[in-house]
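Participant: Next up is a structure, given as structure tokens.
Please treat every number below as a calculation from the coordinates, not as lab data. Predicted model, so just to flag it, every value in this text is computed and none were measured. Cβ sites come from the backbone with ideal geometry, for glycine too, and all protein chains shown count toward neighbours.
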Amino acid sequence: MAKKKTISSSDIITFYMEYVLEHNAQPKSVYSFAKANNFEEIKFYEHFASFVALEQSIFKEFFDNAFSVLEKSEDYYSFDSRNKLLSFYFTFFEVLTVNRSYVVYAL
């Protein structure tokens, strides 16, 4: 089977989240994880140093997604600080809700 030429950190995050939800455990090694998802091991290390770094970046990605959704809203810029924070909390928890299964696993 041909290896995927370009792989992004988002692809690796998606593969990892699917893996842990299907197996209820972290992969045994980066090599086996990469092989199971049909990409070269070196591609993993181009984006992450370890599974721990990958897990940390997942929640950062959730944060970034919530913030980017808010930035797209024209109304967000007219809110006062309190409403901006409340909007962020609401949006962030919506992102967590969409990824509920992984969040429960991680916690």
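Participant: Taking 22 Å as R0, compute the FRET efficiency from the Cβ-Cβ separation of ARG82 and LYS60 and round it to 0.05.
Facilitator: Given R0 = 22 Å and the Cβ-Cβ separation, E is 0.35.
Participant: For region 9-106, report the convex hull volume of the alpha-carbon atoms normalised per residue, in Å³, without decimals.
Facilitator: Values: hull volume 10.3 nm³, N = 98.
Dividing the Cα hull volume of region 9-106 by its residue count gives 105 Å³.
Participant: Still on this model: For the chain, what is the calculated [θ] at 222 nm in deg cm²/dmol (nearest 500), taking -39500 (n - 2.57) for each run of four or more DSSP H residues and dividing by its residue count?
Facilitator: Details: 6 runs with 75 residues, N = 107.
Estimated from H runs of four or more residues: -22000 deg cm²/dmol.
Participant: If you take the charge dipole of region 1-100 about its Cα centre, with +1 on Lys and Arg Cβ and -1 on Asp and Glu Cβ, which of MET17, THR6, SER32 is farthest toward its positive end?
Facilitator: Of MET17, THR6, SER32, it is SER32.
Participant: For region 1-60, rounded, prolate or oblate, judged on the Cα gyration tensor with a ≥ b ≥ c (square roots of eigenvalues), a/c < 1.5 rounded, else prolate if a/b > b/c? Before the final figure, lay out the partial values.
Facilitator: On the way: a/c = 1.61, a/b = 1.21, b/c = 1.33.
The shape class here is oblate.
Participant: In the Gaussian network model of the chain, springs joining C-alpha atoms below 10 Å, which of PHE92, PHE79, PHE39 carries the largest mean-square fluctuation?
Facilitator: Per the Cα network of the chain with a 10 Å cutoff, PHE79 tops the list.
Participant: Might you report the magnitude of the Cβ-based charge dipole of the chain about its Cα centre, with Lys and Arg at +1 and Asp and Glu at -1, to the nearest 20 debye? Each step should come with its number before you reach the end.
Facilitator: Numbers: 11 positive and 14 negative charges, 67 e Å.
Here the size comes out at about 320 debye.
Participant: So if R0 is 41 Å, what FRET efficiency would ASP75 and GLU18 give, r being the distance between their Cβ atoms, rounded to the nearest 0.05? Mind showing how you got there, number by number?
Facilitator: Numbers: r = 35 Å, r/R0 = 0.85.
In this case the efficiency is close to 0.75.
Participant: Over the chain, what is the relative contact order in whole percent, taking alpha-carbon pairs under 8 Å and six or more residues apart? Can you show the working numbers first?
Facilitator: Working: 59 pairs, mean separation 28.5, N = 107.
Normalised by residue count, the contact order of the chain is 27 percent.
Participant: Shifting gears a bit: State the number of lysine pairs found in the chain whose Cα atoms come within less than 26 Å, restricting to pairs 8 or more positions apart or on distinct chains.
Facilitator: Taking the Cα cut-off of 26 Å, the pair count is 19.
Participant: What is the distance, in nm, between label points placed 7 Å from the Cα along the Cα-to-Cβ direction at SER68 and at VAL98?
Facilitator: 1.0
Participant: Take TYR89 and TYR45, extend 7 Å from each Cα along the Cα→Cβ direction, and tell me the distance between the two endpoints in nm.
Facilitator: In this crude spin-label approximation the distance works out to 4.4 nm.
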